[in-house]
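The values are calculated or read from the model by the stated rules, or taken from the named source; none is laboratory data. Since the model is a prediction, treat every value here as computed from it, not as a measurement. Cβ atoms come from the backbone with ideal geometry, glycine included; neighbour counts cover every protein chain shown.
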Amino acid sequence: MRVALHTTVRGDRIAASAAERGRGTDLFPLLECEDYARLLAELEQLPVNVAWQARMAEPLDVVDDDSRGGAGAGLPVVRELP
């Protein structure tokens, strides 16, 4: 399964973000896994993931819900190409 997410870079972090990855404030991570809900459940209390989420929360306005409740937060599929 593929799960597309959306988040945005905070206004005061745009210059630093642009230097690292290009222009714009929107980020659209695409994850591919067998079961996104299970992935979140397994990552939820993993210390390295907790530290990563805390680090990523700093530059982002909208932070992904990495808890089990966030399993339905993916963007809907609009179109698939062959």
Seminar exercise, completed: Looking across region 22-47 at residues that are under 28 Å from D12 (Cα atoms) and of a type in the set (D, E, K, R), the single one that is surrounded by the fewest Cβ atoms within 10 Å (Cβ to Cβ) is R23
For this session: Determine whether E34 is modelled with pLDDT of 85 or more and assigned to a loop (DSSP other than H, G, I, E, B).
Result: yes
